[in-house]
Amino acid sequence: MRLFTFIFLLFLASLFFTGCATVPGKQVDDQIAPLMASREFGDHELLDVSIKVFDPGELPEGVDDRSGLSNEIREAEARFVPIHLKFSMQRTGYWGAIRIVPDDDIGAEVQVRGKIEFSDGESLVLNVEALDSRNILWFRKTYAETALLNEHLGTEPEKQDTFQDLFNAIANDLTEYRNRLTSEDMLEIQRVAELRYAKLMAPDVFGKYLSFDNNNSIQIDHLPAENDLMMERVRSIRSRDNMLIDTINGYYEAFYLDLWEAYANWRQFRSEEIATMREIKREAFKRKLLGAAAIAGAIAIGATTDNNSVATDTIQQVMVVGGAYAIYTGFQKSQEVVINKEVIEELGVSFTSEAKPLVVEVEGETVRLTGTAKEQYVQWREILKQIYARETGLISDEAIPDQSSGTIK
Amino acid sequence: MMVLLLGTVSCAAATPVTSSEDGLQQSVIALDRARHQAVHDLVVKKQQESLTEKQQQDYEKFIVFLTVKIDEYCRILRTEESEAVVNSLPCPEGNQALDGSTQAESVQTSEEQVQDLERLFSNSLEQFDDKLLKEEERLSARQPRDRESGYSKGGPQGQAGEGQTSGTGQASGQDSGSGQPSGPEGAAGQDGATGETAGTRTAEGTTSSSAGTGEEGAGASGQGADSGEGAGPLAGGSGAGQSGSTSAEPGKVALDTSDDDVVARQLREAAENEKDPELKKKLWEEYRKYKEGVR
């Protein structure tokens, strides 16, 4: 009886130690439906959202855990994930323009930032935070999802990702927070965003329109007149800035579509290999345990039986031989894991070679466009400064042209 | 603006140049001569109707730059030197006196300056719009990647596929290769892809860029789309067809001129064409300052 109890416990232990892999963070619910707007909102109810390219995070430390993963893949994911989040949010009808931005957007009404905590094709864990232009943090949360194998099927660009539950969970949290805002809140968010941008472009003019309160939130101290010419100039720059970001987003979306198939395949095949490897490991471990239990049982029978009858001897020998064979096949099974690992590595190398040039291309276009624009913005700032100085006669020290600079003053 | 500039030109033409004058005064004179030349060229070319709108904007941009710079130096001289020194220079008159009549002139000058700056701002926005439009066209012309060329399960060369077959029957058995065909191919269709590869895109980009540099000689931004800038005020002069760098002054380290913008290019060309060695030196100094400022 004790022998059977012993074997049963070992069996339970084997199941326990070879269960599903765990990832950090609380898993999002399954089959999360996106919150959809029930009506069309006016402009004053639609907040623009800037989603910053995600922080790619760090690869897992363990050699086995990072097998088949690479920094290049993470870099690709750091762009892919926010773009799919953008598509997920766009469909809800709750938001104005949603843009992916390479850096923090000083004039954003709502800014979303994220970091990839873990991603191996089978699981995705993201840290996401959202805050509005007033510097008020909406939330900071960790979202985790381990995809089922069937979730890798039936995916579709822009609409259905393997981790769609996770994307819907983030979009729904943003929507829920947005729905808590009053119309006054939204107006304030839009005004603060505009004034923050105006301050960036014309600090001499708009430097004192905003201030921080005790909670480090930004509040409006003054508002420009409705027909303020300088604000009109700033708006004309802002609209160009937005158009530039839209162009950059065109490249991001092209990147997303270019990456889609390879990324979907990589995630699916890698997950299958991981599942297979996990099954093989479990089977091998089970055989080894059963073999060890059989040998231990044979020893136990010998120890507890006084009469060494022929029958008992035979049972003992069968158990020992059978146990040894089970252990042997367990080790043989383990060898298959090595092959799985090689396949996973190959998948990683292959996908890396596919993703890397795409990242380089989109990053190159982004740098090129933002670099050109930066020069232009410097010039516009200078012109606004000079206009202000001449319109008001207030030529501060700061406004006097720098002699070492030859830029148009 | 033109009236203002032409009025200042007549002043500059009569300005004597002596080697004993202070450096800043020399700079004012040198810049004013460059402005005089630019205004003259602009007027002549406008009469000949040989200017494009873009070239005219370039001239105006350069002239505004020179005017603002001269104004800046004059203000410094007025503070640090005597009024008599400033009076001998082609400085704006409106800033000199404090009596009522000249104050009115001063207000007028400020208004004109604001108008000039407004125009500069407006032109700059328009130019940026043009750039954005070209970027949109460039983006639209971008072809999606050939998505069948690269990734497949087990590696691009199929070696890993062999490994899969021999190793894990389950894994290789699942290799349907179907993936997500509908999305990317649909996208390719939307973009009108006709089999052009990424390599073609890169080649086009390179050609475009180098064509721009070639047309512009040592000038402008290096973008083919902006080649109109290459036909600026002094195009066809010594600047055209230059290589990517030039010596800003004999004995000095050569400056990279390949990224010169409109103002830098015209400053450089003005320096190259200036006969007076002192003024030439000052114009090169201005060129250097400008280049350092925009970097």
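Each value in this text was obtained by applying a stated rule to the coordinates, not by laboratory testing. These numbers come from a predicted model, not from an experiment. For neighbour counting, all protein chains shown are included, and Cβ atoms are generated from backbone atoms with ideal geometry for every residue, glycine included.
Excluding same-chain neighbours fewer than eight residues apart, the lysines reachable from A:Lys288 by a Cα-Cα span under 19 Å are A:Lys333. Per-residue shielding of B:129-142, expressed as the average number of other chain Cβ atoms within 10 Å of the residue Cβ, stands at 4. The fewest-to-most ranking of A:Arg240, B:Arg265 by surrounding Cβ atoms within 10 Å reads A:Arg240, B:Arg265. Summary of packing: across the peptides A:322-333, A:32-43, the per-residue average of other C-beta atoms within 10 Å ranks them, highest first, as A:322-333, A:32-43. Peptide packing: for A:203-214, A:145-156, the average count of neighbouring Cβ atoms within 10 Å per residue gives the ranking A:145-156, A:203-214, highest mean first.
Sorting the segments A:259-266, B:113-120 by their mean number of nearby beta carbons within 10 angstrom, highest to lowest, gives A:259-266, B:113-120. Taking every alpha-carbon pair under 8 Å whose residues sit at least 6 apart, the stretch A:108-163 reaches a relative contact order of 26 percent.
Taking Cα centre as origin and charging only the Cβ of basic (Lys, Arg, +1) and acidic (Asp, Glu, -1) residues, the dipole magnitude of the stretch A:238-385 rounds to 460 debye. Summing +1 for each Lys or Arg and -1 for each Asp or Glu among the other residues whose beta-carbon sits under 15 angstrom from that of A:Glu226 gives 0. Relative to the current alpha-carbon distance between A:Val338 and A:Glu375, full extension at 0.36 nm per residue lengthens the span by 7.9 nm. Averaging the sequence gap over all C-alpha pairs within less than 8 Å and six or more residues apart, then dividing by the number of residues, gives the stretch A:25-116 a relative contact order of 48 percent.
Taking other residues whose beta carbon is less than 12 angstrom from the beta carbon of B:Leu132, and scoring Lys, Arg as +1 and Asp, Glu as -1, yields -4. When shorter helices are ignored and each DSSP H run of at least 4 residues is given -39500 (n - 2.57), the per-residue value for chain A at 222 nm works out to -21000 deg cm²/dmol.
Dipole check for the stretch A:143-232: with +1 at the C-beta of Lys and Arg, -1 at the C-beta of Asp and Glu, and the Cα centre as origin, the magnitude is about 240 Debye.
Compared with the dominant Cα axis of chain A, that is its longest principal axis, helix A:183-201 is turned about 70°. Taking the DSSP beta bridges with both ends in chain A, the antiparallel portion is around 70 percent. Straight-line cross-link reach from A:Lys281 at under 18 Å between alpha-carbon atoms covers these aspartates and glutamates, not counting any fewer than eight positions away in the same chain: A:Asp64, A:Asp65, A:Glu122, A:Glu272, A:Glu273, A:Glu336, A:Glu342, A:Glu345.
Charged neighbours of A:Arg134, selected by a Cβ distance under 11 Å, balance to -3 (K, R count +1; D, E count -1). Considering only A:Met243, A:Leu290, A:Leu200, and ranking their Cα positions along the charge dipole of chain A that arises from unit charges at the beta-carbon of Lys, Arg, Asp and Glu, the one farthest toward the positive end is A:Leu290.
Computed from Cα positions, the angle between helix A:164-180 and the longest principal axis of chain A comes to roughly 40 degrees.
Output the pairs from A:Lys199/A:Lys385; A:Lys208/A:Lys385; A:Lys199/B:Lys291; A:Lys26/A:Lys141; A:Lys86/A:Lys141; A:Lys52/A:Lys374 with a Cα-Cα distance over 21 Å in this structure; if there are none, say none. Each step should come with its number before you reach the end.
Working: A:Lys199/A:Lys385 11 Å; A:Lys208/A:Lys385 15 Å; A:Lys199/B:Lys291 27 Å; A:Lys26/A:Lys141 10 Å; A:Lys86/A:Lys141 18 Å; A:Lys52/A:Lys374 18 Å.
In this structure, A:Lys199/B:Lys291 lie more than 21 Å apart at Cα.
What you get for chain A, charging only the Cβ of Lys and Arg (+1) and of Asp and Glu (-1), is a dipole of about 760 debye around the Cα centre. A crude spin-label estimate for the pair B:Glu137 and B:Glu83, with each label 7 Å from Cα along the Cβ direction, gives 5.6 nm. Between A:Glu158 and any residue 5 or more places off or on another chain, the built amide H atoms are never under 5 Å apart.
Each part gets one Cα centre, and for the stretch A:335-375 versus the stretch B:38-53 those centres are 52 Å apart.
Taking 8 Å as the Cα distance limit and 6 or more residues as the minimum spacing, I'd like the relative contact order of the stretch A:79-237 as a percentage.
For the stretch A:79-237, the relative contact order is 19 percent.
Taking 17 Å as the straight-line reach from the Cα of B:Lys134, the lysines in range (excluding those fewer than 8 positions away in the same chain) are B:Lys54.
Between the C-alpha center of the stretch A:63-77 and that of the stretch A:99-128 there is a gap of 18 Å. A simple spin-label model places the labels of A:Arg368 and A:Asp185 4.3 nm from each other, with each point 7 Å out along Cα-to-Cβ.
Counting beta carbons within 10 Å around each of A:Leu85, B:Leu132, A:Leu257 and listing the fewest first gives the order B:Leu132, A:Leu257, A:Leu85.
The residue list A:Thr155, A:Ser133, A:Ser123 was ranked by how far each Cα lies along the charge dipole of the stretch A:118-175 toward its positive end, using unit charges on Cβ atoms, and A:Ser133 comes out on top.
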